[in-house]
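The values are calculated or read from the model by the stated rules, or taken from the named source; none is laboratory data. Quick caveat, the model's predicted, so the values are computed rather than measured. Positions of Cβ are generated from backbone atoms using ideal geometry, with glycine treated the same way; all protein chains shown enter the neighbour counts.
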Amino acid sequence: MSDHKRPVLTLKRKSSGLASRPAQNDIPKPPSPQQEKLSRKERLARNAEKLKRRGEAGIQLLVQYWPALFSTTQPKPLKIGILDDLLAYTADRGLELSQKLAKDALSVYAKRPAYLTAVSEGTTRFDLHGLPAGEITEKEREYSRKKLDKLREKTEVVGKPDAPAL
């Protein structure tokens, strides 16, 4: 064996000048005044408003991509599991519709009075191409009627008995 030693690799240490300063991430930021003042009810209302704004934007895309199924004036009852079909279709064709935007849009769309009326009065659900894809059960119709009644009560409490359908 030879007496040659192999070189040892080491990491450079940071200079002492940087170590004396506190890192920016270590300093806690004071909470904004708005965050402190919001109650649970106000936060829920704010989040619901955000969901509605995102959902409305998504609904416009759904109407644009699938006019045979989505309509803002005359909605059709949607097939159970339509979200999976939407995501698969958009992924295959490279359309701009994220999973979150699709979920938000479907959530807002399915809560509209016009959609709930279509489900409560309809018998058939439809797929992305506007073709029949299942039946609406009596239990689903009853659920839609109850949701409509709650919306009407809420509208009357607010003082807008003749509020337009969303």
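Does the range 81-103 hold any residues that are touching a residue at least 40 places away in the same chain (Cβ under 8 Å) and in contact with an Asp or Glu (Cβ under 9 Å, 6 or more places away or on another chain), and which are they? Passing the criteria: Ile82, Asp85.
Close contacts from the range 36-63, counting a first residue that is farther than 18 Å from Ala110 by Cα and a second that is in a helix (DSSP H, G or I), with Cβ to Cβ under 8 Å and a gap of 6+ residues or different chains, come to Leu38/Arg46. Does Glu36 qualify as being at pLDDT 80 or above and either surrounded by 12 or more Cβ atoms within 10 Å (Cβ to Cβ) or farther than 19 Å from Ala114 by Cα (or both)? Taking the combined requirement at face value, the residue does not satisfy it. Selection of helices (runs of 4 or more DSSP H) fully inside the range 56-144 by the criterion of at least 1 residues being of a type in the set (Lys, Arg) and surrounded by 12 or more Cβ atoms within 10 Å (Cβ to Cβ) returns 99-110.
So which residues in the range 56-67 are under 17 Å from Leu95 (Cα atoms) and either at pLDDT 90 or above or not hydroxyl-bearing (Ser, Thr, Tyr) (or both)? Spell out how you get there, then give the answer.
Residues of the range 56-67 that are under 17 Å from Leu95 (Cα atoms), as a first pass: 57-67.
Listed by number, the residues that qualify are Ala57, Gly58, Ile59, Gln60, Leu61, Leu62, Val63, Gln64, Trp66, Pro67.
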